[in-house]
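The values are calculated or read from the model by the stated rules, or taken from the named source; none is laboratory data. All values reported here derive from a predicted model rather than from experimental measurement. As a convention, Cβ positions derive from the backbone with ideal geometry for all residues, glycine included, and neighbour counts pool all protein chains shown. Note: areas computed on protein heavy atoms with side chains; ligands, DNA, RNA excluded. Shrake-Rupley method; radii C 1.70, N 1.55, O 1.52, S 1.80 Å.
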Amino acid sequence: MCRKISIYDTTLRDGMQGVGAHFTVEDKVRLAMLMDEMGVTYIEGGSPAFNPKDAEFFKRMESVNLKNSELVAFGSTCHAGVKPSDDESLGVLSKISFKNVCIFGKAWNLHVKSVLGISKEENLALISESISYLYNCGKNVFFDAEHFFDGFKEDSEYAVSVIETALKSGASFVYLCDTNGGCTTEEISEICNYVVNRGFCNIGIHSHNDIGMATACTVSAVTKGLNSVQTTLTGVGERCGNADYFEIVPTLQLKLGFDCISSDVMGKMSSFYYRACELLNKKTFKRHPYVGRDAFGHKGGTHIDAVLKENKAYEHVDPDAVGNIRKMVLSEMSGRAAVAAKIRHVLPELVVNDDQVSEVLLRLKDLEFNGFQFEGADASFELLVRRTLDIHKQFFTLKDYKIISAGDGSSAIVDVFVEGQEEVTAANGQGPVDALDGAFRKALGRFYPELNKMRLVDYKVRVLDSSKATASKVRVIIESADGEKNWVTVGVSEDIIEASWIALVDAHEYMLYSSSSPKNSGL
């Protein structure tokens, strides 16, 4: 039977110590509820003795019914010269309504002597007395052996004596902390192996990412016999962050066979990632392992051809296992198999022969040579296929457009023909593209009222060759939406307005194709 690994998440405490991290009490409640869905075993909620916001969080959580997770309140050992019963931090932890508490103590001589200014024996006494006090108050006590690995490298026997003291005093679990985040996997493996061989059980790992190895070090520790990991969502935390839940849990379970969470929860991992980023007010990372939008994205023609035949050829796990999807990216590097697969994806009703695939591929490469990019612009790619294969419906014909810019805004005039009828409209906007979009939609709205639901949600411009200064080509990417779906189109020109117009035309035509109106039935 595979070994069970408990997940102890410290996003709400250590994660908050990261620069730029600011959580309201409501944020913390919502994150805790998300982690409960994600199968986290223990959720470290913060330090109620040191932070009024954390105290309020624990009070709020008394009325929240967690199904899978247990809350943990965080604090420190008592201060030197202060009895545990008189220590403010321990007093708060002893009275909190939740049974789990975690305290940290020093495991490195450097901190014992230079930071605390006490002897090694006095430090062990602080650890022992603090844990015993909380244990006798009926608490389940976790202990963070701070700077354990640095302490071990300086004085292994003393660092190990910290573990022994904590466990003998009533700690149910001891976490070995790479607090500075500077250890390599080789060091972590060697030290964890030593600790396990000394017969210690209920040992976990806490890693920081200061040399980019938090995930690797955490996984290495588990392979040496440790059975709990401390993580944060997306790796948030102090300095360079902590070990990332979304990297560690799938790796331990899918690659190494450890039991961390249910397969149902694992199958929603990508969805959880995007929800976590939203709550953390953090941008998603497209290339995030396992859960990023590009984690299973294939661009090279040889790769795509192989994956279509056997997904294991270029995928280490099935995307479905983590709730992600396979993504075929079209570019000048694409081969025939990739183009054929993409055509089937965007136009499943269309049957194409080899000659037609070659024709589309040739057109694709020609456009990309001239600056177009279809990696994220599926709407423009579908229209490219329709135009290339002569299955394109001419919804409208542009006669002319004109932009008038002033200091306080812009105006646009658009002249179009729809089925022989001319329509000339004008609109004002915050800028020339906004005005052009408004006038264009107004002109077509008389004939295609469904376009009134459409709106422009994102607009990006990239200069393709800055060495040519104002003569450089620009690529415009436009994201549009209609309240139910989003789509992306692209335009390229030496004139930014023309490039924007090309992308706008594609955006409107794509919506007309996807509209349910019989008039716009497409093929």
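When the surface is traced with a 1.4 Å probe over the full set of protein chains, R275 keeps roughly 90 Å² accessible. Sorting S380, S411 by solvent-accessible area of protein heavy atoms yields S411, S380, largest first, with a 1.4 Å probe. In the context of the full protein assembly, L350 retains an accessible surface of approximately 30 Å², using a probe radius of 1.4 Å and ignoring ligands and nucleic acids. Using every pair of distinct Cα positions in region 142-206, the Kirkwood expression returns a hydrodynamic radius of 11.6 angstrom. Taken over region 193-281, the alpha-carbon convex hull comes to 101 cubic angstrom per residue.
Taking a 32 Å limit on the Cα-Cα distance, which of the listed pairs K153/K286; K286/K442; K286/K365 fall beyond it? Over 32 Å Cα-Cα: K153/K286; K286/K442.
Rg over Rh for region 22-72 works out to 0.94, using Cα positions for both radii and the Kirkwood form for Rh. Surface composition of the chain: carbon plus sulfur atoms contribute 49% of the solvent-accessible area (1.4 Å probe, protein chains only, all chains present). With the highest mean first, a sort of the peptides 172-180, 288-296, 49-57 on other beta-carbon atoms found within 10 angstrom per residue produces 172-180, 288-296, 49-57. Largest to smallest in accessible area, the residues E349, E419 fall in the order E419, E349 (1.4 Å probe, all protein chains included). A simple charge model with +1 on the Cβ of Lys and Arg, -1 on the Cβ of Asp and Glu and nothing else charged puts the dipole of region 371-523 at about 40 debye relative to its Cα centre. Heavy-atom accessible area with a 1.4 Å probe sorts R13, R363, largest first, into R363, R13.
Roughly what % of Cα-Cα distances in region 338-493 sit above 27 Å, to the whole percent? For region 338-493, the share of Cα pairs beyond 27 Å comes to 34 percent. When the chain is described by a simple charge dipole with +1 on each Lys and Arg Cβ and -1 on each Asp and Glu Cβ, the residue from L34, F148, G241 located farthest towards its positive end is L34.
Per residue, the chain exposes an accessible area of 45 Å² to a 1.4 Å probe, with every protein chain left in place.
Each of the peptides 131-137, 428-434 was scored by the mean count of other Cβ atoms within 10 Å over its residues; in descending order, highest first, they stand as 131-137, 428-434. In region 14-151, the inverse of the mean reciprocal separation of distinct Cα atoms equals 15.9 Å; this is its Kirkwood hydrodynamic radius. Counting only protein heavy atoms and using a 1.4 Å probe, the accessible area of K83 comes to about 140 Å². Taking the Cα centre of region 205-305 as origin and assigning +1 to Lys and Arg Cβ atoms and -1 to Asp and Glu Cβ atoms, the resulting dipole is close to 240 debye. P(r) for the chain, from all Cα pairs and a bin width of 10 Å, is 4, 16, 21, 18, 14, 13, 10, 4, 1, 0 %, short bins first.
Summing Cβ point charges (Lys, Arg +1; Asp, Glu -1) relative to the Cα centre of the chain gives a dipole of roughly 540 debye. Rounded to the nearest 500, the 222 nm mean residue ellipticity of the chain from helices alone is -11500 deg cm²/dmol, with -39,500 (n - 2.57) taken per DSSP H run of at least 4 residues.
Starting from the Kirkwood Rh over alpha-carbon pairs, what translational D in µm² s⁻¹ does region 91-250 have by Stokes-Einstein at 20 °C and 1.002 mPa s? The estimated diffusion coefficient comes to 136 µm²/s.
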